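Enquirer: One structure is given below, represented as structure tokens, and several questions about it will come after.
The values are calculated or read from the model by the stated rules, or taken from the named source; none is laboratory data. Please read all numbers here as calculations on a predicted model, not as lab measurements. Note that each Cβ is placed from the backbone with ideal geometry, even for glycine, and that neighbours are counted across all protein chains shown.
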Amino acid sequence: MLSLRNSRWQRRTDFIFRILTVLCASVIAFVLVLIIYELFVNSGPSFKKFGLRFLVSSIWNPVTGEFGALSSIFGTIVSTIIAMALAVPLAIVTALFLTELVSPAISKLVGIGIELLAAVPSIIYGMWGLFVFAPFMSNHIQPALARWFGFLPLFSGPPMGIGMLTAGIILALMVVPFICAVTRDVFLMVPSVIKESAFGMGATTWEVTSKVTIRYGLQGIIGACFLGLGRAIGETMAVTFVIGNDHNISASLFSAGNSIASTLANEFSEASDPLYLSSLVELGLTLFLITIVIQSLAWVWLRRMKRKMRVTL
Amino acid sequence: MIKIVIKGLLVGLIMAISGLLGEVGFAQSKTLNGAGATFPYPIYSQWAYQYNQITGVKINYQSIGSGGGIAQIKAKTVDFGASDAPLTVEDLKAEGLTQFPLIIGGVVIVVNLSDIKPGQLKLTPELLANIFLGKITKWNDPAIAKVNPGLKLANKDITVVHRADGSGTTWLFTNYLDKVSPEWHTKVGTDKSVAWPVGLGGKGNEGVAGYVQQINGAIGYVEFAYALQNKMTYTLLQNRAGKFVSPSIESFSAAAGNADWKNAPGFYHVLTDQPGDDSWPITGASFIIIHKEQPDAEHGREMLKFFSWCLRNGAEEAKKLQYVPLPKNLVELVEASWKAEVKSGGKPVWN
Amino acid sequence: MKDRSLFIRHSVNFGIKVISSLSAVLTLFMLGWILYVVASRGLGAFHLDFFLKLPTPPGVPGGGIANAIIGTALITLLATLIGVPVGILAGIYLAEYGLDSRASNAVRFLANILMGTPSIIIGVFVYTILVMRMGNFSGYAGAIALGIIILPVVARTTEDMLRLVPNSMRESALALGAPRWKVILGIVFRSAKAGLVTGVLLAIARVSGETAPLLFTALNSPYWVKSLNEPVANLTVTIFNYAMSPYADWKEKAWGASLLIMFGVLVVSILARWFFREKRV
């Protein structure tokens, strides 16, 4: 195979391959730019009418034509925060469990089960959430939280079972399989020679994991988190079943709310008035804005982390 | 080596499949595609199925919502659209469309109260409006007790449940409230999606039914079939004639029968709050919308033949699924409108 | 290593092990709960008719989802063919050629955003540029919509996995005179194989459960799939319709179809992992 190939042939095939990869990478950019362009164009009427007021008003009235995204933005952010705060630690720790604490056979079996859960249609998560989990929340979890932490405004209000907290938990469950599966693979890809040298120096399992494995695979783990974040922020069906769909803002996690994606899913097919449609499109654009902000913040944070940990990749 | 063979077989299989499914200019009859309201989905799919058994003609109806139906027929991606909310005459004219009612049904009020059985609780229009406006917040409110002497109503919070998604059912319900409550008219209004003063939003009739069944003290509105299938506690409602009626095919029919369709251009007529002792106040027709100018005369004819079959032969199935078939005189009016409105290249499609 | 007492280090280690085991068990329990509910409510729908017959209206017994199974399989297959190769090549660009350059940072940024796009926006987008232009709903549009969802997921996981391969491997291969693309496809891929397969399987798993994009592109149909250039029956929209209906038998079919999707993904996953397993040299 590695005979003396014509170096011209080598350079040419390398060139073609590289162009191919560049093309494919630009497809991503192209598609996204096209989507944002379409959204921009179609949100024109709404932007013209409301301007920046759109982002701070929580009125959502299709009859009078008054639209404000605040309650949806609030709901998206809160439910995503709950979801990620629960999912990331759980997923990483579960991946750790699967790679370090159980035999490879069990790990593979459980791994398949977790991937399976990524395939559950989101509407099933919604139905499970509404018919199975919400009663459980309202009968057991929420009263317990109210009893112990009820002095906090976070846990006030009647325990209906549906609401922001339940939506966040369901999102966390939807996101965990993604983060866990990818993190597990990241952990498995850490060259054993590195881990073994640390063990050889007398480090405990946790020390090896935190100081070696995670540091080596940090980029991959962050990538996995973004995968999960993408799902959490854009999830529609599961959220709309359990979040209560109320266009208002409340400090309590027990109350109903709504999210950008769920509002879009609920109202898009039925909106026939041009201003209404345009406001919904602008709502979608707002979601992109939020994703961009989160991404930029994460990128800045990652830069600083890398410098602090002096990771070389 | 084996890998190469397998890869080759896979590629071959894919090419075969895509060749099989490619557009090779089928000489078979085309499928008639329709989309729209969820309200009549069960009966439309039943009719399509039966018609296909009898004639072999395929009709594909998908429930994507009334708004979706209107949008798709305007975009000409389907042959017919279906909507619970009729288009106005101006809108029809502007888009070159014509519409007609195909089926009638009712929206009912359901509650979740222990010890209250279906058909026990009585509500007046004012009570209903005030509950949904958030002015009455507890079940043992004297206003409710006044109308329901003898019923033991607990000191429970009323949790209002409405639709989260835009819907023709909401349109019908708010249309009714708009008619009977001046305060609702000024504060909220009518639309497929409104700014509800209070309450939670469930996704679809199923979501509303789910929330109501889940929360003690909840009240919501759903299509009749959902109340029946889920064995929910529906209420009586006082109609325009002052009588408390129970939702049923008879009371829906009564409301439809007393309607004046002749003087409704474009069949724009809403059946809420109809006169008559037995009329159910929240009754509504579901409409079919098609283009006045049919590009393919034969295709258009097949479509109208299907609708004619539904109007003339579909009554039994409709009643089985708790819908109300159109009364005879309305059927004649509808078919007359086809003759007058639906053309292809200048010539009427239906005769 | 910090100079801490051995006892403390071991207790911390033990404590973490306990917490991690408990958390893992909790997570797995919750996930198992969902699996159990889907299975218990869906198995009742599994009989021969379910797999072989066309759907029937409510009240008519014996209907099935055979056409939806075929439709979903075709659309998903096509979407995979569209999204996976492009995604893998894009991931290769990010990991091997672009690295930390401005262009690849931009692409990575954009890929993350695309991953976070609600699937309904992608569905509406494809509707606007394809369905409206073509004048009809089609399975092709559905496949493209799903392909767009698959694309960034595969690209990013590919990149992350490839980056974990130590540079020493690339350098030794290049030093032997192999062309760049052979190094990437032959050697780097081989070490990252498992991770790459995971990424692709996750993407396929995710789109198998997507409803909103298909609702605006492939719509649905109660008839057999004769052409992909018209509304095509598919499992997810069928599940949506059935789940939102008031009929108990339809709802049971919805659960059953979901169970079927899970089985399907399981089978694909097992086959893929077996096919791409580490073979004994």
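Enquirer: Could you please let me know if A:S46 is within 14 Å of chain C (Cβ to nearest Cβ) and under 29 Å from the mean Cα position of the chain (by Cα)? Outline the logic, then answer.
Expert: On the way: within 14 Å of chain C (Cβ to nearest Cβ): no; under 29 Å from the mean Cα position of the chain (by Cα): yes.
For A:S46, the condition - within 14 Å of chain C (Cβ to nearest Cβ) and under 29 Å from the mean Cα position of the chain (by Cα) - is not met.
Enquirer: Return the residue satisfying two criteria in turn: it lies in the range B:74-90 and is in contact with a Leu (Cβ under 8 Å, 6 or more places away or on another chain) and not in a loop (DSSP other than H, G, I, E, B), and of such residues it is farthest from B:N60 (Cα to Cα).
Expert: So, considering only residues that are in contact with a Leu (Cβ under 8 Å, 6 or more places away or on another chain) and not in a loop (DSSP other than H, G, I, E, B), the one farthest from B:N60 (Cα to Cα) is B:K74.
Enquirer: Also, quick follow-up: Can you pull out every residue in the range B:30-63 that is part of a loop (DSSP other than H, G, I, E, B), modelled with pLDDT of 90 or more and within 7 Å of another protein chain (Cβ to nearest Cβ)?
Expert: B:K58
Enquirer: Are there helices (runs of 4 or more DSSP H) fully within the range A:136-204 with at least 3 residues that are without any contact (Cβ under 8 Å) to a residue 24 or more places away in the chain and within 13 Å of chain C (Cβ to nearest Cβ)? List them.
Expert: Working: elements: A:142-149, A:164-189, A:192-200.
In the range A:136-204, the matching helices (runs of 4 or more DSSP H) lie at A:192-200.
Enquirer: Being surrounded by fewer than 19 Cβ atoms within 10 Å (Cβ to Cβ) and touching a residue at least 12 places away in the same chain (Cβ under 8 Å) is true for just one of B:S308, B:S279. Which residue is that?
Expert: Testing whether each residue is surrounded by fewer than 19 Cβ atoms within 10 Å (Cβ to Cβ) and touching a residue at least 12 places away in the same chain (Cβ under 8 Å) leaves just B:S308.
Enquirer: More than 26 Å from the chain's Cα centre (by Cα), over 24 Å from A:P191 (Cβ atoms) and at pLDDT below 85: is that true of A:L152 in this structure?
Expert: Values: more than 26 Å from the chain's Cα centre (by Cα): yes; over 24 Å from A:P191 (Cβ atoms): yes; at pLDDT below 85: yes.
In short, yes.
Enquirer: A further question follows. Out of the residues in the range C:255-281 that are surrounded by 11 or more Cβ atoms within 10 Å (Cβ to Cβ), among the hydrophobic types (A, V, I, L, M, F, W, C) and without any contact (Cβ under 8 Å) to a residue 24 or more places away in the chain, state the one that is farthest from C:T56 (Cα to Cα). Reasoning before the result, please.
Expert: Taking the range C:255-281 as the starting set, the residues that turn out to be surrounded by 11 or more Cβ atoms within 10 Å (Cβ to Cβ) are C:255-266, C:268-270, C:272-273, C:276-277.
Those still in the list that are among the hydrophobic types (A, V, I, L, M, F, W, C) too: C:255, C:257, C:259-263, C:265-266, C:268, C:270, C:272, C:276.
Of the ones still in play, those that are also without any contact (Cβ under 8 Å) to a residue 24 or more places away in the chain are C:263, C:266, C:270.
Numbers: C:F263: 24, C:L266: 28, C:I270: 33 Å.
That would be C:I270.
Enquirer: Answer yes if at least one residue in the range B:292-302 is in contact with a Phe, Trp or Tyr (Cβ under 8 Å, 6 or more places away or on another chain), part of a strand (DSSP E or B) and in contact (Cβ under 8 Å) with a residue 40 or more places away in the chain, and no otherwise.
Expert: no
Enquirer: Moving on to the next point. Just give me the residues in the range B:181-194 being more than 21 Å from the chain's Cα centre (by Cα) and either more than 10 Å from chain A (Cβ to nearest Cβ) or at pLDDT below 90 (or both), in sequence order.
Expert: Pass one, the range B:181-194, residues more than 21 Å from the chain's Cα centre (by Cα): B:181-188.
Once the filter is applied, which keeps residues that are more than 21 Å from the chain's Cα centre (by Cα) and either more than 10 Å from chain A (Cβ to nearest Cβ) or at pLDDT below 90 (or both), the range B:181-194 yields B:S181, B:P182, B:E183, B:W184, B:H185, B:T186.
Enquirer: Across the range A:228-267, which residue is nearest to the other protein chains (Cβ to nearest Cβ) among those that are among the charged types (D, E, K, R) and touching a helix residue (DSSP H, G or I) at 6+ places or on another chain (Cβ under 7 Å)? Steps first, answer last, please.
Expert: Initial filter on the range A:228-267 (among the charged types (D, E, K, R)): A:231, A:235, A:246, A:267.
Checking which are touching a helix residue (DSSP H, G or I) at 6+ places or on another chain (Cβ under 7 Å) leaves us with A:231, A:235, A:267.
Values: A:R231: 7, A:E235: 8, A:E267: 5 Å.
Of everything passing the filter in the range A:228-267, A:E267 is nearest to the other protein chains (Cβ to nearest Cβ).
Enquirer: Hey, another quick one. Of the residues C:V107, C:V86, C:V124, only one is farther than 19 Å from A:G230 by Cα, assigned by TED's automatic domain parsing to the domain that holds C:N167 and aliphatic (A, V, I, L, M); which? Reasoning before the result, please.
Expert: Details: C:V107 fails: farther than 19 Å from A:G230 by Cα; C:V124 fails: farther than 19 Å from A:G230 by Cα.
The conditions single out C:V86.
Enquirer: Just give me the residues in the range B:303-351 being at pLDDT below 85 and in a loop (DSSP other than H, G, I, E, B), in sequence order.
Expert: Within the range B:303-351, B:G345, B:G346, B:V349, B:W350, B:N351 meet the criteria.
Enquirer: Give the residues of the range C:101-130 that are assigned to a loop (DSSP other than H, G, I, E, B) and either among the hydrophobic types (A, V, I, L, M, F, W, C) or closer than 18 Å to A:I19 by Cα (or both), sorted by residue number.
Expert: Of everything in the range C:101-130, just one residue is assigned to a loop (DSSP other than H, G, I, E, B) and either among the hydrophobic types (A, V, I, L, M, F, W, C) or closer than 18 Å to A:I19 by Cα (or both), namely C:S101.
Enquirer: Could you identify the single residue in C:T80, C:T72, C:T56 that is surrounded by fewer than 23 Cβ atoms within 10 Å (Cβ to Cβ), at pLDDT 90 or above, in the same structural domain as C:P213 (by TED's automatic domain parsing) and of a type outside the set (A, V, I, L, M, F, W, C)? Can you show your working first?
Expert: Working: C:T72 fails: surrounded by fewer than 23 Cβ atoms within 10 Å (Cβ to Cβ); C:T56 fails: at pLDDT 90 or above.
Going through C:T80, C:T72, C:T56 in turn, the sole match is C:T80.
Enquirer: Right, another one. Can you tell me how many residues within the range C:1-16 are at pLDDT 85 or above and at the interface with chain A (Cβ under 7 Å from one of its Cβ atoms)?
Expert: Residues flagged as at pLDDT 85 or above and at the interface with chain A (Cβ under 7 Å from one of its Cβ atoms) within the range C:1-16 amount to 4.
Enquirer: Mind listing whichever residues of the range C:180-226 are within 7 Å of another protein chain (Cβ to nearest Cβ), of a type in the set (G, A, S), touching a residue at least 60 places away in the same chain (Cβ under 8 Å) and under 30 Å from B:Q46 (Cβ atoms)?
Expert: C:S208, C:A212, C:S221
Enquirer: Right, another one. Just one of the numbered conditions (1) modelled with pLDDT of 85 or more; (2) farther than 20 Å from C:L215 by Cβ; (3) within 18 Å of the chain's Cα centre (by Cα) is not true of A:A238; which one?
Expert: (2)
Enquirer: Say whether the condition of being more than 10 Å from chain C (Cβ to nearest Cβ) and under 30 Å from C:K182 (Cβ atoms) is met by at least one residue in the range A:5-18. Walk me through how you get there before you give the answer.
Expert: Pass one, the range A:5-18, residues more than 10 Å from chain C (Cβ to nearest Cβ): A:6, A:8.
Still in the list and also under 30 Å from C:K182 (Cβ atoms): A:6, A:8.
Yes, that holds for at least one residue.
Enquirer: Given the conditions (1) of a type outside the set (G, A, S); (2) outside any helix (DSSP H, G or I); (3) in contact (Cβ under 8 Å) with a residue 24 or more places away in the chain, which single one is not true for C:T56?
Expert: Looking at each condition in turn, C:T56 falls short on (3).
Enquirer: I would also like to ask the following. Go through the range A:87-135 residue by residue and tally those that are hydroxyl-bearing (S, T, Y), in contact (Cβ under 8 Å) with a residue 24 or more places away in the chain and either within 8 Å of another protein chain (Cβ to nearest Cβ) or out of contact with any Lys or Arg (no Cβ under 9 Å at 6 or more places or on another chain) (or both). Working first, answer last.
Expert: Restricting attention to the range A:87-135, the residues satisfying the condition of being hydroxyl-bearing (S, T, Y) are A:94, A:99, A:103, A:107, A:122, A:125.
Checking the rest, the ones that are also in contact (Cβ under 8 Å) with a residue 24 or more places away in the chain come to A:94, A:99, A:107, A:122, A:125.
Still in the list and also either within 8 Å of another protein chain (Cβ to nearest Cβ) or out of contact with any Lys or Arg (no Cβ under 9 Å at 6 or more places or on another chain) (or both): A:94, A:122, A:125.
Here the count works out to 3.
Enquirer: Filtering the range B:243-275 down to residues that are in a strand (DSSP E or B) and of a type outside the set (F, W, Y), which residue is farthest from B:K122 (Cα to Cα)? Show your work before the answer.
Expert: Filtering the range B:243-275 for residues in a strand (DSSP E or B) gives B:244-245, B:272.
Next, from what is left, pick out any that are of a type outside the set (F, W, Y): B:245, B:272.
Numbers: B:V245: 9, B:T272: 18 Å.
Going through the qualifying residues, I end up with B:T272.
Enquirer: Which numbered condition in (1) touching a helix residue (DSSP H, G or I) at 6+ places or on another chain (Cβ under 8 Å); (2) surrounded by fewer than 19 Cβ atoms within 10 Å (Cβ to Cβ); (3) modelled with pLDDT under 90 is the only one that B:K156 fails?
Expert: The failed condition is (1).
Enquirer: May I pose another question? Can you find even one residue in the range C:103-120 that is within 9 Å of another protein chain (Cβ to nearest Cβ), at pLDDT below 90, touching an Asp or Glu at 6+ places or on another chain (Cβ under 7 Å) and under 20 Å from C:N241 (Cα atoms)?
Expert: Yes, the conditions are met somewhere in the range C:103-120.
Enquirer: Of the residues C:G116, C:G98, C:G123, C:G142, which single one is surrounded by 24 or more Cβ atoms within 10 Å (Cβ to Cβ) and over 16 Å from the mean Cα position of the chain (by Cα)? Write out each step before concluding.
Expert: Numbers: C:G116 fails: over 16 Å from the mean Cα position of the chain (by Cα); C:G98 fails: surrounded by 24 or more Cβ atoms within 10 Å (Cβ to Cβ); C:G142 fails: over 16 Å from the mean Cα position of the chain (by Cα).
After ruling out the rest, the residue left standing is C:G123.
Enquirer: Give the residue that is surrounded by the most Cβ atoms within 10 Å (Cβ to Cβ), with candidates limited to residues of the range C:17-53 that are more than 10 Å from chain A (Cβ to nearest Cβ), of a type outside the set (F, W, Y) and without any contact (Cβ under 8 Å) to a residue 60 or more places away in the chain.
Expert: Here the residue is C:D49.
Enquirer: On the given criteria, is B:P101 assigned to a loop (DSSP other than H, G, I, E, B), in contact (Cβ under 8 Å) with a residue 40 or more places away in the chain and in contact with a strand residue (DSSP E or B) (Cβ under 8 Å, 6 or more places away or on another chain)?
Expert: Details: assigned to a loop (DSSP other than H, G, I, E, B): no; in contact (Cβ under 8 Å) with a residue 40 or more places away in the chain: yes; in contact with a strand residue (DSSP E or B) (Cβ under 8 Å, 6 or more places away or on another chain): yes.
So B:P101 does not fit the description; no.
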